[in-house]
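Accompanying notes for the structure given below.
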Amino acid sequence: AKGFTVESARPVTIAQAFCDEDGESGVLRLTGAGAKTLSGASTVSRIVVDGGAVAFTGGVGSTVVVTGGNRVSFGGSATAEHPLGGLVLGDAATEGVLEVRPNETICIASAPEFGRVRLALADGFAIGDKVVFNTKGTLSAASAAAWTRMQVVSGLPSGAAWTVSAEDVAGGQTLTLEIIDGTPIVLTVDEGTESIETNVSFSVSQRLDVQ
């Protein structure tokens with residue numbers, strides 16, 4: 001695949017929309033520590049976030065690849081009318097960080113590939129707020145497992161936790177992250193108790209205290 005690299009150590013806004021040459025599957029590589037904002041609606045086959053933080057504000061029809069601890073945000077631009085071509089977030093060895101906003105919906109025209117998924121919550125999340133991914137196709141077994149293990153790395157309200165779900169819908173899946181009350185679940189065990197048979201349900205991010 002032919003490609004083009006944008007490297008910047010300072011913040012930069014790129015208005016250019018990048019696309020493939022006829023008959024080619026191109027790669028746009030974004031590198032350097034500077035934050036990069038892409039306001040053009042690019043359709044190049046693949047965009048690799050290889051350094052710093054990248055914000056897409058004008059929509060992007062490409063497959064976006066975020067690994068190596070780098071960060072990306074879509075700011076509400078990945079809509080049903082202008083979905084992402086695909087999303088690769090994290091891999092087996094490194095994290096991919098996605099910055100999201102309260103009740104943001106991210107539409108993807110294929111099944112995303114998940115590794116070490118990390119979400120950064122921006123703009124003041126509250127209990128009951130959600131982030132929804134509407135995808136075409138279904139997650140692989142490895143990506144489905146990675147989704148259940150995802151972590152929130154910043155912006156979680158005090159006393160809150162999160163829960164994740166995946167629902168099959170016509171032609172794809174709906175993946176949801178919801179912010180919930182994170183009050184610890186307390187299980188009190190009387191003296192002399194040898195076994196507990198009560199079923200207790202709690203979020204992956206909640207704490208279980210046994211007293």
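The values are calculated or read from the model by the stated rules, or taken from the named source; none is laboratory data. This one's a predicted model, so the numbers in the text were calculated from it and none came from an experiment. Every residue, glycine among them, receives a Cβ derived from its backbone with ideal geometry; neighbour counts consider all protein chains shown. Heads up: the accessible areas ignore ligands, DNA and RNA and are worked out on the full protein's heavy atoms, side chains in. Shrake-Rupley method; radii C 1.70, N 1.55, O 1.52, S 1.80 Å.
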Modelling each spin label as a point 7 Å along the Cα-to-Cβ direction, I'd like the residue 126/residue 103 distance in nm, to one decimal. 1.0 nm
What number, rounded to the nearest 500 deg cm²/dmol, is the helix-based mean residue ellipticity at 222 nm of the chain, given -39500 (n - 2.57) per DSSP H run of at least four residues and division by all its residues? -1000 deg cm²/dmol
For the chain, the dipole about the Cα centre with charges only on Cβ (Lys and Arg +1, Asp and Glu -1), to the nearest 20 debye, works out at 780 debye
Added length on full extension, which subtracts the Cα-Cα distance from 0.36 nm per residue, residue 151 to residue 24: 42.1 nm
How large a share of the accessible area of the chain, in percent, is made up of carbon and sulfur atoms when the probe is 1.4 Å and the other protein chains stay in place? 47 percent
Each residue of the stretch 23-31 in turn: what ³J(HN,Hα) in whole Hz from Karplus with 6.51, -1.76, 1.60 and θ = phi - 60°, glycine and Pro shown as x? x, 10, 10, x, 10, 9, 10, 10, 9
Ignoring ligands, DNA and RNA, what accessible area per residue does the chain give at 1.4 Å, in Å²? 50 Å²
Can you compute the modelled spin-label distance between residue 2 and residue 180, with each label point 7 Å from Cα toward Cβ, in nm? 5.1 nm
Taking a straight Cα-to-Cα line shorter than 28 Å from residue 2, and setting aside same-chain lysines fewer than 8 residues away, one finds 36, 136
Counting sequence-distant residues (5 or more places) and residues on other chains, those with an amide H built under 5 Å from that of residue 152 are 119
